[in-house]
Amino acid sequence: MSQTSPPTDDGLVQLLTPTGERVPHPDLDARVAHLDADGLRALYRDMVLVRRFDTEATSLQRQGELALFAQGLGQEAAQIGSAHAMSPRDHVFPSYREHGVAHARGVDLAQVLRLFRGIDHGGWDPVAHGFHLYTLVIGSHTLHATGYAMGLQRDGLVGTGDPDRDAAVVVYFGDGATSQGDVNEALVFAAVNNAPVVFFCQNNQWAISEPTTKQARVPLADRGPGFGVPSVRVDGNDVLATYAVTQQALERARTGGGPTFVEAFTYRMGAHTTSDDPTRYRSSAEEEYWRRRDPIDRLRLHLEQLGELSAEFVEQVADEADALGERIRTEVRAMGRPSSASMFEHVYATPHSVVEGERAWFERYEASFTDAGQSREGSHR
Ligand SMILES: Cc1ncc(C[n+]2csc(CCOP(=O)(O)OP(=O)(O)O)c2C)c(N)n1
């Protein structure tokens, strides 16, 4: 039997070509019309900042300051474009690579690194930011997202006729996750309940060393209609297209139109994580092909063609990125070690006698290692 054809960028929704020319689109032009030069520069700034964060975090891992890091390199347009299309009332369920979305939702990126340093599970307030905790169990959060979306619906926050009241959910996952049962179950639940959820699949073409061609014989977007979920396949390296497509899908969800499956076709330019060596399973020619489709370069070229990217602005953003890198570095190095007993702190919102009893036992147990005359055995009894 023949192999599946290689991944292709044919037939993607695109508003910017890789060399930055604007492509007209009858259905989506109106959705980006309000993005003037300031609006475009804001997208550029966010993409540059988050890329700098990525570089800094990777270096910190190499210096032994982080246990692991998952880079978002190359996926900045998919993340910043889609995140800019959200309202503050929307809720995001990320996997573990959505640093661009975290940043756009106002989460301090140093907080994200507490997780990768292994000192907490992500310390931000998920409700305040509408940005829930990172999930490492592939695809499981698509079910959480769908359940949350059904909750919004049942709380009367969908299709109210008031755009300032309606809310929806976006869940981010990868191409590999689409092979998981959880994602397929979430699509079933979302479809039959008409849940206000946007399934945002960043097809970065690799699930660690497994190419998308070994996960599907058809474009991933084609899976949506089988569940009764309309889908769209967008150029994930085109920040305008991902913005417009996500805005359309969110509007549909918020107004009661139900779920949408978005496949953002992009490329993971870095390694899967700092524990991975991609040279073992992919070619430098492939990496070079995608380097020429860099999402930040694309918007930069577009702004230059418009005559709207001054050298001063580029320098100002570069300085801001340097300052962010320095702050992240300083903060990460200063992060202390939490006490082991802090694991009891966030079990319940209010104190609970069983947890308090377990904490007291644990503290006595830990102290037994330093208390004179008391053996480890003794403290167990
Ligand atoms: C349920 C589960 N199975 C396996 C793993 C191990 N694992 C970690 S990342 C990964 C690949 C995920 O690929 P994809 O969904 O394409 O996302 P990407 O990392 O490319 O963003 C796997 C299999 C896991 N974390 N969870």
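Numbers below:
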read-out: Å³ per residue enclosed by the Cα convex hull of the stretch 29-333; value: 128
read-out: For the chain: accessible area per residue (Å², 1.4 Å); value: 46
read-out: Counting DSSP beta bridges with both ends in the chain, the antiparallel % (nearest 5); value: 10
read-out: Accessible-area order (highest first, 1.4 angstrom probe) of the listed residues GLU345, GLU331; value: GLU345, GLU331
read-out: Computed over the stretch 123-260, the ratio Rg/Rh where both radii use C-alpha atoms and Rh is Kirkwood; value: 0.96
read-out: DSSP bridge orientation in the stretch 181-289 - percent antiparallel, rounded to nearest 5; value: 15
read-out: Area projected by the alpha carbon convex hull of the stretch 293-337, averaged over all directions, nm²; value: 4.3
read-out: Between helix 37-62 and the chain: long-axis angle, C-alpha atoms, 0 to 90°, nearest 10; value: 40
read-out: Label zone at GLN63, where the point sits 7 Å out along the Cα-to-Cβ direction: the stretch 89-115 residues whose backbone N lies under 18 Å; value: 109-115
read-out: Label-to-label distance, nm, for residues given as HIS34 and ARG89 (7 Å Cα→Cβ offset); value: 1.5
read-out: Net charge of Cβ neighbours under 13 Å - reference PRO196; Lys, Arg +1; Asp, Glu -1; value: +1
read-out: Size of the stretch 319-364 as Cα extents on the principal axes (Å, biggest first); value: 51, 23, 7
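The values are calculated or read from the model by the stated rules, or taken from the named source; none is laboratory data. On a predicted model such as this, the values are computed, not experimentally measured, just so you know. Cβ atoms come from the backbone with ideal geometry, glycine included; neighbour counts cover every protein chain shown. Remember, those area values only see protein heavy atoms, side chains included, never the ligands or the DNA or RNA. Shrake-Rupley method; radii C 1.70, N 1.55, O 1.52, S 1.80 Å.
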